[in-house]
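Single-structure report; data block below.
Only the coordinates and a few stated rules stand behind these numbers; no lab work does. Just so it is clear, the model here is predicted, and its values are computed rather than measured. All Cβ positions, glycine included, derive from the backbone under ideal geometry; neighbour counts span all protein chains shown.
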Amino acid sequence: MKDKSITIRDVAAAAGVSTATVSRSLDPDGAEGVSEKTRLKVVEAAASMGYQANPVARTLKTRSARTVAIVAPELTNDFFMDLAEGIEKELSARGYTLLVASSDNSVEEEKKRVAMLADRMVDGIVVIPAEDRGDHLTAWDKKGIPVVLVDRLIEGAGLDAILSDNEAGARALTRRLLEDGYRHIAFAGGDMTISTARERIAGFTAAMEEAGFHPPRDSLYLGGMRVDDGFRHMDTILQSNTPPEALVAVNLLVHLGMERRLLVRPSGRPGEGYMPAIAAFDESNYSSFLPACRYTAAQDAAAIGKKAVQCILERIGQKRRSGNAGEVTEPRTFRLPVMIMNHFQKS
C-alpha cells in the first residue's frame with residue numbers, strides 16, 4: 001500500500017534535488033529547466049516511495065485544476081454526448097479531467113452553470129450555446145477563463161468556434177432527395193436563435209432554388225429542436241391536404257419525433273398510408289431502423305472534439321503565459337465537413 005504521508009520534501013531528499021526541481025520534474029505540462037537525467041531520477045524516486053501529488057495543493061499553488069468543463073443544452077441529445085465523449089478522450093490523454101453540465105436549453109441556466117464552473121477554478125470551458133447571446137461567455141473569457149464554442153456559433157462573441165459545415169450538409173441532403181425525383185420537399189424544425197438551424201435552413205433553401213424551385217413559406221415547418229417539436233410538425237403535416245413527398249429534418253431529435261408520429265397513426269384517420277422520405281442531420285446507431293429515413297448527415301464528433309481540445313488548451317496556455325488579461329489574438333472559426341449516409345436501398 002502506498003504511504004500517503006510521503007511528501008515532496010522526502011522525494012527531494014531521496015533524489016538529491018530541491019523541492020522546486022521535484023515540482024518541475026513531475027509537472028504533466030513538462031519539466032521546464034530540468035535535464036532528462038534529473039527528471040528520470042526524480043520520477044523513479046517518487047515511484048519507489050509511493051509519492052502522490054496533492055491535487056488540491058497543486059491547484060492552490062498553480063491556480064490550475066487541470067480541468068475543462070463542457071456545458072451542453074441537454075444531455076439527452078446523442079450528438080452532444082458523442083461530442084463530450086470525444087472531448088473527454090482527448091483531454092484525458094493530456095492529463096486533464098472533463099466536467100459536464102447542462103443548461104437545459106436556457107441562457108439563464110447557462111449563465112449559472114458557467115459561473116459555478118468558473119468559481120470551481122476550471123481551466124477552460126467548452127460551450128454548446130443555448131442561444132445566440134454570448135456576452136456572459138465573452139466576459140468570462142476576458143477574465144482569464146478561456147471559452148471555446150462548439151457546434152453553434154455566436155456572431156460577434158470573439159471566441160474560437162468549431163462547427164460542422166451545416167449549410168453544405170443541408171444542401172447535400174436536399175440534393176439527394178431531388179436526385180431521387182422528389183419535388184415537393186419541406187423542412188421541419190429549427191429554432192432561429194440557434195446558428196445551426198439558420199444555416200441548415202439556408203442550405204435547404206439554396207438547394208431548392210438551385211434546382212429551380214422556390215419553396216413557399218408553408219414548406220418550412222419551423223420551431224423547436226426537440227422530439228416533441230418533430231412530433232408536432234408531423235402531426236400538422238398529416239392533416240394537410242397536400243403533404244410533402246419528402247422532408248429535411250433539422251436534427252436527430254426532431255427526426256425521431258417525426259418518425260414517432262408516423263408510427264402512432266390510428267387507422268382510418270387523416271394521413272393513413274402516408275410515408276414521406278426523410279433526410280435528417282445527425283447519424284445514429286438506429287438511423288437504419290427508422291422507417292422513413294433515407295439519408296442522414298453524419299457529423300464528425302470525434303474530429304470536432306479533438307479540434308475543440310486543441311483550441312481550449314492553446315487558449316489556456318496563452319492565458320498562463322500572459323496573465324489574466326490574455327493575449328490579443330483573433331478568434332478562429334473552423335468548419336468540418338459532414339458525410340451523407342444512405343439508408344435506402346433501391347429495388
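Tabulated data
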quantity: Within a Gaussian network of the chain (alpha carbon springs, distance under 10 Å), most fluctuating of Glu210, Glu131, Glu85; calculated: Glu210
quantity: Taking the chain and dividing mean pair separation by its residue count, relative contact order in percent (alpha carbons under 8 Å, at least six apart); calculated: 16
quantity: Share of alpha-carbon pairs per 5 Å distance bin for region 166-298, given as whole %; calculated: 2, 12, 24, 26, 21, 11, 3, 1, 0
quantity: Sorted by Cβ neighbour density within 10 Å, fewest at the top, the residues His136, His184, His255, His214; calculated: His214, His184, His136, His255
quantity: In degrees, nearest ten, helix 36-49 long axis to first principal axis of the chain (Cα); calculated: 90
quantity: Residue order, fewest to most surrounding Cβ atoms within 10 angstrom, among Leu91, Leu220; calculated: Leu220, Leu91
quantity: Residue order, fewest to most surrounding Cβ atoms within 10 angstrom, among Ser25, Ser92; calculated: Ser92, Ser25
quantity: Rg followed by Dmax, in Å, when the chain is reduced to its Cα trace; calculated: 25.3, 87
quantity: R0 of 25 Å, Cβ-Cβ distance Met192-Glu74: FRET efficiency to nearest 0.05; calculated: 0.85
quantity: Spatial separation of Cα centroids for region 216-236 and region 114-153, in angstrom; calculated: 31
quantity: Separation of the Leu222 and Lys143 label points, Cα + 7 Å toward Cβ, nm; calculated: 3.5
quantity: Members of Lys142/Lys307; Lys37/Lys307; Lys37/Lys89; Lys37/Lys319 lying beyond 27 Å, as alpha-carbon distances in this model show; calculated: Lys37/Lys307; Lys37/Lys89; Lys37/Lys319
quantity: Pairwise FRET efficiency - Gln239 versus Asp300, Cβ, R0 = 35 Å, nearest 0.05; calculated: 0.40
quantity: Volume per residue that the Cα convex hull of region 8-53 spans, once the total is divided by residue count, Å³; calculated: 60
quantity: Candidates Ala20, Ala298, Ala161, ranked by Gaussian network fluctuation over the chain, Cα under 10 Å, top entry; calculated: Ala20
quantity: Cα-projected label distance for Met81 with Val264, points at 7 Å along beta-carbon direction, nm; calculated: 2.1
quantity: Antiparallel DSSP beta bridges within the chain, percent to nearest 5; calculated: 10
quantity: Normalised contact order of region 76-209, rounded percent, pairs of Cα under 8 Å and 6 or more residues apart; calculated: 17
quantity: Debye, to nearest 20: dipole size of the chain, +1 on Lys, Arg Cβ, -1 on Asp, Glu Cβ; calculated: 1080
quantity: Length-normalised contact order for region 8-53 - Cα pairs under 8 Å, 6+ apart - percent; calculated: 38
quantity: Highest-fluctuation residue, Glu330, Glu74, Glu36 considered, GNM on the chain with Cα pairs under 10 Å; calculated: Glu36
quantity: Helical contribution to [θ] at 222 nm, DSSP H n ≥ 4, -39,500 (n - 2.57), averaged over the chain, rounded to 500; calculated: -13500 deg cm²/dmol
